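Visitor: Sharing a structure with you now.
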Amino acid sequence: KIRYKLDFSCLHIETEQEVAQAIIRSAIDFKRDPWPKVLDNAKDLVKKMLNLDPKQRLTTQEVLEHSWLQNAKKAPNVPLGEIVKVRLKQFSVMNKVKKRALR
């Protein structure tokens, strides 16, 4: 089975508990940076991946077949800003710390 991992830095949250709470509330604010710069098709993929109903949530295969991923080479290269970079680094560090703690 192929699994996919989401980067939740764009949700403006920093801990795994906040990730879980944001998913439960479906709390993606598409009006805050960097979302206004993100293509609607990409937002559609995120919404479908985070669907609370597991029966309606996309499978890994459906994610891979989504039109946004299929047309990724055609998507414009739009910088999402420094805040996204910072949040990605925070998320990465958090995952490394968690892996070490679980050893």
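The values are calculated or read from the model by the stated rules, or taken from the named source; none is laboratory data. These numbers were taken from a predicted model, which means no experiment stands behind them. Cβ coordinates were reconstructed from backbone atoms using ideal geometry, including for glycine residues, and neighbour counts include every protein chain displayed.
Visitor: Give me a count of the residues in the range 57-76 that are more than 14 Å from residue 44 (Cα to Cα) and at pLDDT 90 or above.
Guide: 3
Visitor: Quick one: would you say residue 9 is surrounded by fewer than 12 Cβ atoms within 10 Å (Cβ to Cβ), under 13 Å from the mean Cα position of the chain (by Cα) and modelled with pLDDT under 85? Spell out how you get there, then give the answer.
Guide: Working: surrounded by fewer than 12 Cβ atoms within 10 Å (Cβ to Cβ): no; under 13 Å from the mean Cα position of the chain (by Cα): yes; modelled with pLDDT under 85: yes.
When the stated conditions are applied, residue 9 does not pass them.
Visitor: Just need a number here: residues in the range 35-68 that are in a loop (DSSP other than H, G, I, E, B), of a type in the set (Lys, Arg) and touching a Lys or Arg at 6+ places or on another chain (Cβ under 9 Å). It would help to see each step written out before you state the result.
Guide: Kept after step one, since they are in a loop (DSSP other than H, G, I, E, B), are these residues of the range 35-68: 38-39, 50-59, 66.
Of the ones still in play, those that are also of a type in the set (Lys, Arg) are 55, 57.
Going one step further and asking which of them are touching a Lys or Arg at 6+ places or on another chain (Cβ under 9 Å), we end up with 57.
Summing the residues that are in a loop (DSSP other than H, G, I, E, B), of a type in the set (Lys, Arg) and touching a Lys or Arg at 6+ places or on another chain (Cβ under 9 Å) in the range 35-68 gives 1.
Visitor: Output the number of residues of the range 69-103 satisfying the condition of being in contact (Cβ under 8 Å) with a residue 24 or more places away in the chain, outside any loop (DSSP other than H, G, I, E, B) and more than 20 Å from residue 29 (Cα to Cα).
Guide: Number satisfying all stated conditions: 3.
Visitor: Right, residue 92: modelled with pLDDT under 80, exposed (fewer than 11 other Cβ atoms within 10 Å of the Cβ) and of a type in the set (Ser, Thr, Tyr) or not?
Guide: Working: modelled with pLDDT under 80: yes; exposed (fewer than 11 other Cβ atoms within 10 Å of the Cβ): no; of a type in the set (Ser, Thr, Tyr): yes.
Criteria not met by residue 92.
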